[in-house]
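Worksheet: the structure to be examined is printed underneath.
None of the figures in this text is laboratory data; all of them are computed from the coordinates on show. All values reported here derive from a predicted model rather than from experimental measurement. Every residue, glycine among them, receives a Cβ derived from its backbone with ideal geometry; neighbour counts consider all protein chains shown.
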């Protein structure tokens, strides 16, 4: 969206992205107001002082409709529901509503690689950043991965490319945002509580490609039917990654083969056996990232060096400990049923699974077959426990735990040497924890405490 210094903007929500939005708008010379649902006493005093010094008006304790009157644009943070009454009122008054992507559209002076999908976004985004650095590039890496994307515009001079992880929430209000290289990894049911249907969620993800032009590139997950069939604009180079014969980055025997369907490229094989990307899930992530970096001009030697040194982000199929022959795996980032299914599919040993949390409108019956094949016992936590028990209790023995510590102790009793205890919740964390990071950290702490405690009898 084109903004001018005579405009009045209202930012809804003071999270990380909201604060970055305020800073970006101020740099552009706009008059800025902020509305946050928290009481003033719950907001960090440093933030309050900065807003006051910048002349930013602040509404606390909720969002009043009168507060947006006279605004030229309203910008909600990514996590703000789009049916919020104040946003409904803005639409009725003809006030444009745009997101951070719409604010960024047309302003990038360097190539942009944007990654979305239901699962694997953070790993692929961070891996692309690592591989780009390994081939001599200087990427800005941000978006949903942690660093707000608008922070790039505070000082773009150090960077020669931008790598963004994008959620469906961000893509809801993408405006005319256009990536040079767009990646859609996969589509599995997620955030149905926000989008209302799988079709609407899918449409949000596919919006990544809506404004691409000839010369741009689209990378699609070839093993995912929905992702693979995503419509792409005429003239956009479209390539796939996966295990199928038609994939430009194809996984064969645990290695990524690059070259097929890539004009002027000799076939190149990237072995993953000596890396931390050996799991079936991370093989796909690696294939997507390798293809993106090659298209961005990366060389094979640099890519190989980057793969060898890369360590995946925490809380993603991370081994916590092996105790009495039982492996304990932290996949707290598995916040939807697609990620849970992928985690289980990549486990060769029998699994004692910890699952549950805040429900996102998921159909847990879709997990029936993978649970039947991989899981020997299921320990349920959180608000979704009754729903998961109803859907899966006839498939595998279940137990309920009120705390993570209780869940870990139950798993210890049910597991035997050669088994895996896997935290892959398939749900959001906000019913019991501040986020998936805290959930994973507490799981790891509970597991570590087992090491110091004499082992009791198991079931």
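Structural remarks
- Rg/Rh for segment 1-159, where both radii come from Cα atoms and Rh is the Kirkwood radius: 0.99
- Pair-distance distribution P(r) for the chain, from all Cα-Cα distances in 10 Å bins starting at 0: 4, 20, 27, 26, 17, 6, 0, 0 percent.
- Residue-averaged [θ]222 nm for the chain, counting only DSSP H segments that reach four residues, each worth -39500 (n - 2.57): -9000 deg cm²/dmol
- Shape of segment 42-135, Cα gyration tensor, a/c cut at 1.5: prolate
- Rounded, prolate or oblate (a/c below 1.5 giving rounded, otherwise prolate when a/b exceeds b/c) for segment 356-419 by Cα gyration tensor: oblate
- Ratio Rg/Rh, restricted to segment 287-344 and using Cα atoms, in which Rh is the Kirkwood radius: 1.12
- Pairs of alpha carbons in segment 102-309 whose separation is greater than 21 Å (percent): 49 percent
- Anisotropy class of segment 253-358 from Cα gyration tensor, a/c 1.5 cut: prolate
- Efficiency of FRET from Cβ geometry, residue 308 and residue 229, R₀ 30 Å, rounded to 0.05: 0.30
- Model label sites at residue 5 and residue 266, defined 7 Å from Cα along the beta-carbon direction, differ in position by 5.6 nm.
- Subtracting the Cα-Cα distance of residue 38 and residue 434 from 0.36 nm times their residue separation leaves 141.0 nm of extension gain.
- Stretchable slack from residue 109 to residue 345, in nm (0.36 nm times residue separation minus alpha-carbon distance): 80.8 nm
- Per-selection Kirkwood Rh - segment 181-255 (Cα, Å, 1 d.p.): 13.1 Å
- Cα-Cα pairs of segment 318-451 separated by more than 26 Å (percent): 9 percent
- Theoretical FRET efficiency, 1/(1+(r/R0)^6), r = Cβ-Cβ of residue 363 and residue 402, R0 25 Å, to 0.05: 0.50
- Antiparallel content of DSSP bridges confined to the chain, in %, to 5: 20 percent
- Over the chain, relative contact order from alpha-carbon pairs under 8 Å, at least 6 apart, %: 11 percent
- For peptides 72-84, 126-138, sequence by mean Cβ density within 10 Å, most packed first: 126-138, 72-84
- Kirkwood hydrodynamic radius over Cα pairs of segment 337-381, then Stokes diffusion coefficient at 37 °C and 0.692 mPa s, in µm²/s: 301 µm²/s
- Fully extending the segment from residue 27 to residue 60 would add 9.5 nm, taking 0.36 nm per residue of separation and subtracting the current Cα-Cα distance.
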